[in-house]
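To keep things clear, I will list the structure first and then write my remarks on it.
Every read-out reported here was derived from the displayed coordinates using simple, explicitly stated rules and does not represent laboratory data. None of the values given here were measured: they were computed from a predicted structure. All Cβ positions, even for glycine, are placed from backbone atoms using ideal geometry, and neighbour counts span all protein chains on display.
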Amino acid sequence: MSTREGGVSVAPWDRLNLGRSVGDDPAAVAENRRRVAALMGAEPVYLHQVHGSRCVLLREPPPEPVQADAAVTVTPGLPLAIQVADCLPVLLSALDPQGRALAVGGAHAGWRGLAGGVLESTVAALREWAPDNFALRAWMGPCIGPLAFEVGADVLEAFGRSPDAPGPHFRPRTRPDGSLRWLADLHGLARDRLHRLGVEGVFADPACTFSDASRFFSFRRDGARSGRMAAFIALG
């Protein structure tokens, strides 16, 4: 996963902004993406993400960005990129009994995508290419953390919860004006779903994008002009 380090963009997108639609100089973004591709040894495939649940199978780089929030590939050497700036990137692999990957995928899992089923779509796509004896593994990257992600009752409702029964991943918080909000745990919400989907190994980087401005972009902290990072996965 990328951080802010290593790029050429200037403030407020400094430095390794990979997002093309946030107001940054297109030449700087192109250079940032070129540097990432050079490090990876291949040009990553970036999606046109819309906070949905669609997952696509990519056998080769598409001519234009595909509108989807997740992708799966069985093509070696084709890196998939999931762009984030507080949302949760989830990278998955289907491993045979000897630990070799047959298929890999990535999902853009903000609260809308999680509630809408983006992980379910991605796991279903992986299972189409993996026999029953294959194990699924997942890595959850940095995202806005459970001490910073304040949400309203609409988010609880999207996950089938209510103010009276918020569940373990929504912690009540009373604002100074007396209004009630909740602190949401994206990692916890995603981990529960992955376990229900039969993903046996789930690993996570607990870093909070909102709280660490030196390393991470954050839409919640910086607004619409926030840069974008990306998490990458490829078959060897």
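Summary table
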{"read-out": "Residue-by-residue Karplus 3J(HN,Hα) for the stretch 202-218, coefficients 6.51, -1.76, 1.60, Hz, glycine and proline x", "value": "10, 10, 9, 9, x, 4, 9, 5, 5, 8, 10, 5, 6, 10, 10, 6, 8"}
{"read-out": "Ratio of Rg to Rh over the stretch 45-100 (Cα coordinates, Kirkwood Rh, two decimals)", "value": "0.99"}
{"read-out": "Other-chain or far-sequence residues with amide H under 5 Å of Val199's (modelled H)", "value": "none"}
{"read-out": "Longest to shortest principal axis, alpha-carbon extents of the chain, angstrom", "value": "54, 47, 26"}
{"read-out": "Extended-chain gain in nm, criterion 0.36 nm per residue less alpha-carbon gap, Ala165 and Ser21", "value": "48.0 nm"}
{"read-out": "Paramagnetic label zone (point 7 Å from Cα along Cα-to-C-beta, Val50; backbone N under 20 Å) in the stretch 63-90", "value": "63-72, 81-85, 87-88"}
{"read-out": "Local electrostatic count at His169 - Lys and Arg +1, Asp and Glu -1, tallied over other residues with Cβ under 10 Å", "value": "+1"}
{"read-out": "Amide H partners (placed H, <5 Å) of Val66, local residues excluded", "value": "His48"}
{"read-out": "Ala224 paired with Glu150, simple spin-label distance in nm, labels 7 Å along Cα-to-beta-carbon", "value": "2.2"}
{"read-out": "Amide hydrogen neighbours beyond the local backbone of Gly19, cut-off 5 Å, H modeled", "value": "Arg228"}
{"read-out": "Relative contact order (percent, whole number), the chain, Cα cutoff 8 Å, 6+ residue spacing", "value": "25"}
{"read-out": "Between the stretch 78-97 and the stretch 61-76, the alpha-carbon center distance in angstrom", "value": "12"}
{"read-out": "Helix runs (DSSP H) in the chain reaching 20 Å along axis by Cα, Kyte-Doolittle at least -0.5", "value": "26-40"}
{"read-out": "Value at 222 nm in deg cm²/dmol, rounded to 500, when DSSP H runs of n ≥ 4 in the chain each add -39,500 (n - 2.57)", "value": "-6500 deg cm²/dmol"}
{"read-out": "Calculated from backbone phi, Karplus (6.51, -1.76, 1.60) coupling profile of the stretch 59-64 in Hz, x at Gly/Pro", "value": "9, 8, x, x, x, 9"}
{"read-out": "Residue order, fewest to most surrounding Cβ atoms within 10 angstrom, among Thr73, Thr209, Thr174, Thr3", "value": "Thr174, Thr3, Thr73, Thr209"}
{"read-out": "Ascending count of other beta-carbon atoms within 10 Å, so fewest first, for Trp182, Trp13, Trp129", "value": "Trp129, Trp182, Trp13"}
{"read-out": "Paramagnetic reach from Val66 (point 7 Å along Cα→Cβ, amide N under 17 Å) across the stretch 94-113", "value": "94, 103-109"}
{"read-out": "HN-Hα J in Hz across the stretch 67-84 - Karplus 6.51, -1.76, 1.60, θ = phi - 60°, x for Gly and Pro", "value": "6, 5, 10, 7, 8, 10, 9, 10, 9, x, x, 10, x, 9, 10, 10, 7, 8"}
{"read-out": "Förster radius 35 Å - calculated FRET efficiency between Trp129 and Leu39, Cβ distance, rounded to 0.05", "value": "0.80"}
